[in-house]
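Asker: Starting off with a structure, shown below.
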Amino acid sequence: MSTETSFAAYGLPEDVPHIPGVTEPQLCILDSFRTAIARKVVEVFPELTVEKVYEGVDYGKKGADFTVAVPRFKLKGKPDELTKKFAEAFKPDTWVANVEATGPFLHFHVNTQTLTRQVLNQIDRLSNRTTSGEPEYGRNESGKGKKVVIEYSSPNIAKEFHVGHLRSTIIGQFLVNLHRACSWDVVSLNYLGDWGTQFGYVACGFKKYGSEEELAIDPIKHLLYVYVKINADARESEEAKTRIQKEAQEFFRQMEEGDEEALKIWRRYRDLSLQKYIREYETLNISFDVYWGESKVSKEWLQKCVPLAEKAGIVEDSKGAKLVDLEKYKLGKTILQKSDGTSIYLTRDIAGAIERWEQYKFDKMIYVISAQQDLHVSQFFKVVELMGFEFASRLEHVNYGLVMGMSTRRGTVVLLSDLIREASAVMHEQMKKNEAKYTTIEDPESTSREIGITAIKIQDMAAKRINSYQFNWDRMKSFEGDTGPYLQYAHVRLASMARKNPQLYPMPPAEEINTDLIVEPKAREIIMLLASYPDVVKTALKSREPSGVVTFMFRLSHAISGAWETLPVKSEADIEKARARMLMFICAKEVLGAAMRLLSIRPLERM
Ligand code: ARG
């Protein structure tokens, strides 16, 4: 985007304020208001540049739209006098309506008519583009030409899918969607725990506890069942422990040595579990470009790891095992290779990173892993760095805190399928309480499942990642308060506007609707929120936090619910005015929907 003519193609005025290479007015109209303000400041203080002032145009304080703190520019003279001088020279234009100088601050209001017109145009245009497959309103092009690999979810086959995996799944998919919205080329990758002695235990236990039938019905559940059973057996006596352990280790050794019989069994467990996972991820609106796994880490790189670390001078021998000493970096000592030569988790991570670097040449690789593994990840990144790989600086750990007490009402949740089922059941019961409404729902099964999943996701993303939280069905299932169901309800209510107002249809194209008729303060508040959404996306990219998006959605939903009375559509006699308001609600639905999709939530049209 560079020429003025292409701005016109986006329905923008030819003279839209804009800073080449800095702003994207065709994607974020607030950029233009900030530019307009910056230009005005530079007119009075020509020693400054528009680029520099632009950076200092912040969201407004004290009811203003934007505020500029003049001292940050280090101009000659007293800030109070400078702002006064500016206010006296100020002349409004179609972008900036007025300014108020308070002490060292300049508080600006932008022109309401321009704001409303441009914001609604922009949302309408960009939303309609999505139908042709392009990303929607809120996106930006900051990541164009850059590649990121995002690793998340990464459950262990034949072991439980615990809350740590759930959080990684939810936060990871958000990061994938977020980077795509910022034009990054994204590879979403699931690093399955599909290698290790657990397969030995399962293979050994299967002889005694396995059932082909059960395996076909629910492989994840059945393999876990077998794993738990055989581990219980191993706890019965010293003799049993040694026997089972030996058999399991022997099986894993065969796997490591490439024994086809063992691999055949392993592959079957892996494939069946994976197929089931893919279906469950789909239910959660989660998907991966690549299913990788610990089994896929190549022998070649695993073997190169120890010599490379030795060369870096960080390895010491300990009874045949290889240790890395990271005491110097306050990261302790840790094993790189066991005495029997088998690889371990850390080494697989190191070798795996090198391999992915060779394959993808990423600008960034993000690992979404629980804070419980902070030490492991720091050690892993450090070793890669000490080995001399420059790409180490491109590795990033996005961590998160614990979830306490995630359980079904009958017992502890150990499987993703149980959690999904429970979420549906809880919501279904909740919805049945309102009988009149319940009978109007077309497909209560899938609707309640969708709302239940929304409830879980919102609860998970509502606070800063690093915070731990208490899993609470009662709180999250409520339609009141800041919950997932409340958001879905807000979206559904917006969706119902079109159905409830056939008198306004067909709606004329957005540009032909008279948006000057939208004048109420409540409407302006909503418009300003809608306008800020592209900034919310940018901020989220910097912080890697979904909570800012969640907060935004609640602010928007609250503003909308406060507008049903003051900005009526159906009872508005002036059809022009009703249509203008309708356009605003349609845009609000688009933005709320876009924010939900960013968080991997499927917005509902009816409930
Ligand atoms: N499968 C591991 C676990 O369940 C998580 C993997 C995290 N990713 C990694 N590259 N280490 O603990």
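The values are calculated or read from the model by the stated rules, or taken from the named source; none is laboratory data. Bear in mind that the values here come from a model prediction, so they are computed numbers and not experimental data. Methodologically, a virtual Cβ is constructed for each residue, glycine included, from the backbone with ideal geometry; neighbour enumeration extends over all protein chains shown.
Asker: How many of the residues in the range 337-361 are more than 15 Å from the ligand (Cβ to nearest atom), outside any helix (DSSP H, G or I) and either at negative phi or basic (Lys, Arg) (or both)?
Answerer: So the answer is 6.
Asker: Ok, one more. What number goes with the only condition from (1) under 27 Å from Gln249 (Cα atoms); (2) touching an Asp or Glu at 6+ places or on another chain (Cβ under 7 Å) that Lys322 does not pass?
Answerer: Of (1) under 27 Å from Gln249 (Cα atoms); (2) touching an Asp or Glu at 6+ places or on another chain (Cβ under 7 Å), only one is false for Lys322: (2).
Asker: Of all residues in the range 19-42 being β-branched (Val, Ile, Thr) and part of a loop (DSSP other than H, G, I, E, B), which is surrounded by the most Cβ atoms within 10 Å (Cβ to Cβ)? It would help to see each step written out before you state the result.
Answerer: Taking the range 19-42 and keeping what is β-branched (Val, Ile, Thr), we get 19, 22-23, 29, 35, 37, 41-42.
Now drop any that are not part of a loop (DSSP other than H, G, I, E, B), which leaves 19, 22-23, 29.
Details: Ile19: 18, Val22: 13, Thr23: 22, Ile29: 26.
The qualifying residue surrounded by the most Cβ atoms within 10 Å (Cβ to Cβ) is Ile29.
Asker: Quick one: would you say Ala97 is within 16 Å of the ligand (Cβ to nearest atom), of a type in the set (A, V, I, L, M) and either touching a helix residue (DSSP H, G or I) at 6+ places or on another chain (Cβ under 9 Å) or in a helix (DSSP H, G or I) (or both)?
Answerer: Details: within 16 Å of the ligand (Cβ to nearest atom): no; of a type in the set (A, V, I, L, M): yes; either touching a helix residue (DSSP H, G or I) at 6+ places or on another chain (Cβ under 9 Å) or in a helix (DSSP H, G or I) (or both): yes.
Answer is no for this residue.
Asker: Report yes if Arg253 is basic (Lys, Arg), without any contact (Cβ under 8 Å) to a residue 60 or more places away in the chain, in the same structural domain as Val368 (by TED's automatic domain parsing) and more than 16 Å from the ligand (Cβ to nearest atom), otherwise no. Outline the logic, then answer.
Answerer: On the way: basic (Lys, Arg): yes; without any contact (Cβ under 8 Å) to a residue 60 or more places away in the chain: no; in the same structural domain as Val368 (by TED's automatic domain parsing): yes; more than 16 Å from the ligand (Cβ to nearest atom): yes.
For Arg253, the condition - basic (Lys, Arg), without any contact (Cβ under 8 Å) to a residue 60 or more places away in the chain, in the same structural domain as Val368 (by TED's automatic domain parsing) and more than 16 Å from the ligand (Cβ to nearest atom) - is not met.
Asker: Within the range 281-312, restricting attention to residues that are of a type in the set (Gly, Ala, Ser) and touching a residue at least 60 places away in the same chain (Cβ under 8 Å), which residue is nearest to Leu419 (Cα to Cα)?
Answerer: The first filter runs over the range 281-312 and keeps only residues of a type in the set (Gly, Ala, Ser), leaving 287, 293, 295, 298, 309, 312.
Still in the running and touching a residue at least 60 places away in the same chain (Cβ under 8 Å): 287, 293, 295, 309, 312.
On the way: Ser287: 18, Gly293: 24, Ser295: 27, Ala309: 42, Ala312: 46 Å.
The residue in question is Ser287.
Asker: Is it the case, given these coordinates, that Val403 is of a type in the set (A, V, I, L, M), within 12 Å of the ligand (Cβ to nearest atom) and within 32 Å of the chain's Cα centre (by Cα)?
Answerer: Here the answer is no, as Val403 does not meet what is asked.
Asker: Here's something else I'd like to know. Hey, could you check the range 149-169 for residues that are part of a strand (DSSP E or B), farther than 18 Å from Leu598 by Cβ and of a type outside the set (D, E, K, R) and say which is nearest to the ligand (Cβ to nearest atom)?
Answerer: As a first pass, look at the range 149-169 and keep what is part of a strand (DSSP E or B): 149-151, 156.
Okay, now just the ones that are also farther than 18 Å from Leu598 by Cβ, so 149, 151, 156.
Subsequent filtering for residues that are of a type outside the set (D, E, K, R) retains 149, 156.
Details: Val149: 11, Asn156: 5 Å.
Once the filter is applied, the top-ranked residue is Asn156.
Asker: Any residue in the range 370-391 that's assigned to a loop (DSSP other than H, G, I, E, B): show its pairings with residues that are near the ligand (Cβ under 9 Å from one of its atoms) at Cβ separation under 9 Å, as long as the two are six or more apart or on different chains.
Answerer: Listed pairs, sorted by first residue: Ser370/Gly164; Ser370/His165; Ser370/Ser168; Phe389/Ala353.
Asker: Six or more apart or on different chains, Cβ under 6 Å: which pairs go from a residue in the range 211-234 that's more than 17 Å from Glu160 (Cβ to Cβ) to one that's loosely packed, with under 15 Cβ neighbours inside 10 Å and at pLDDT 95 or above? Could you list them?
Answerer: Asp233/Ala240; Ala234/Ala240; Ala234/Lys241
Asker: Now a separate question. Confirm whether Gly352 is of a type in the set (Gly, Ala, Ser), under 20 Å from Trp301 (Cβ atoms) and over 27 Å from the mean Cα position of the chain (by Cα). Explain how you work it out, then say what you get.
Answerer: Details: of a type in the set (Gly, Ala, Ser): yes; under 20 Å from Trp301 (Cβ atoms): yes; over 27 Å from the mean Cα position of the chain (by Cα): no.
So Gly352 does not fit the description; no.
Asker: How many of the residues in the range 404-435 are out of contact with any Ser or Thr (no Cβ under 7 Å at 6 or more places or on another chain), hydrophobic (A, V, I, L, M, F, W, C) and at pLDDT below 90?
Answerer: Going residue by residue through the range 404-435, those that are out of contact with any Ser or Thr (no Cβ under 7 Å at 6 or more places or on another chain) are 405-412, 414-417, 419, 421, 423, 425-426, 429-430, 432-435.
Filter once more, keeping what is hydrophobic (A, V, I, L, M, F, W, C): 406, 414-416, 419, 423, 425-426.
Among the residues that remain, those that are also at pLDDT below 90 are: 406, 414-416, 419.
Summing the residues that are out of contact with any Ser or Thr (no Cβ under 7 Å at 6 or more places or on another chain), hydrophobic (A, V, I, L, M, F, W, C) and at pLDDT below 90 in the range 404-435 gives 5.
Asker: Let me ask you something else. Residue pairs, Cβ under 7 Å, 6 or more apart or interchain, first in the range 152-181 and of a type in the set (Phe, Trp, Tyr), second within 11 Å of the ligand (Cβ to nearest atom). List them.
Answerer: Every condition considered, the pairs that remain are Tyr152/Ser168; Tyr152/Gly172; Tyr152/Val368; Phe161/Pro155.
Asker: What residue, of Gly193, Gly172, is within 16 Å of the ligand (Cβ to nearest atom), at pLDDT 95 or above, of a type outside the set (A, V, I, L, M, F, W, C) and touching a Pro at 6+ places or on another chain (Cβ under 7 Å)? Walk me through how you get there before you give the answer.
Answerer: Working: Gly172 fails: touching a Pro at 6+ places or on another chain (Cβ under 7 Å).
None of the other options fit; the residue is Gly193.
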